[in-house]
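The values are calculated or read from the model by the stated rules, or taken from the named source; none is laboratory data. All of these numbers come straight from a predicted model, not from anything done at the bench. Note that we place each Cβ from the backbone using ideal geometry, even for glycine, and neighbour counts take in every protein chain shown. The accessibility values were calculated without ligands, DNA or RNA, using every heavy atom of the protein model including side chains. Shrake-Rupley method; radii C 1.70, N 1.55, O 1.52, S 1.80 Å.
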Amino acid sequence: MRAPLLLLAALLAGCSGTPARYTVGDAYSMGGVWSYPREDFSLVETGLATRHAGPGWGERTANGEAWSDGRALGAHRTLQLPAVVTVTNLENGRSLTLRVNERGPVRRGRVIGLSARAASLLGVPEGGTAQVRVTVDGDRSRALADAVPGRQVPVVAIETAPRAAVASESL
């Protein structure tokens, strides 16, 4: 039980101590392609991964965290930010769980952009791509989303059934 809590704390921590904010965001165009962000806790997709330059070391990502190429981070066009995903390199079998906290990749046909550290651990060559499977860890992503300040969860009003007097008759 202690290990998942430590992992969650590590996922929440930013390089500069600035807390992340939860964001889905509006539709946007990047690299000539329109993307429509949405909450998706069950996404599984395959495609090409590439190294993502990010906004620069220590600069802010799309959800307000500090970017660092030395950490296992990712960029995705449509997932809620932050999200926890497992990326499996289908070419060499390596797998890595990382946090997605940025929008991208810019180039068409790429499903995920990886920080230099994540790309290195997965065996993605510098300047190249690798065929990968991206799987959202629904439980960790929900826990992370619930713990991040700024998430507005709609309140659903539930009315209780009216109570009536119980009547009985003999048969």
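Looking only at residues in segment 33-59 that are of a type outside the set (A, V, I, L, M) and modelled with pLDDT under 90, the one that is most open to solvent (accessible area, probe 1.4 Å) is Trp57. Can Ala72 be described as at pLDDT 90 or above and either among the β-branched types (Val, Ile, Thr) or open to solvent by less than 10 Å² (accessible area, probe 1.4 Å) (or both)? In short, no. Residue count for segment 94-130 satisfying the condition of being in contact (Cβ under 8 Å) with a residue 40 or more places away in the chain and touching a helix residue (DSSP H, G or I) at 6+ places or on another chain (Cβ under 6 Å): 1. Among the residues of segment 24-43 satisfying the criterion of being in contact (Cβ under 8 Å) with a residue 40 or more places away in the chain and in a strand (DSSP E or B), which is nearest to Pro105 (Cα to Cα)? Looking at residues that are in contact (Cβ under 8 Å) with a residue 40 or more places away in the chain and in a strand (DSSP E or B), I get Met30.
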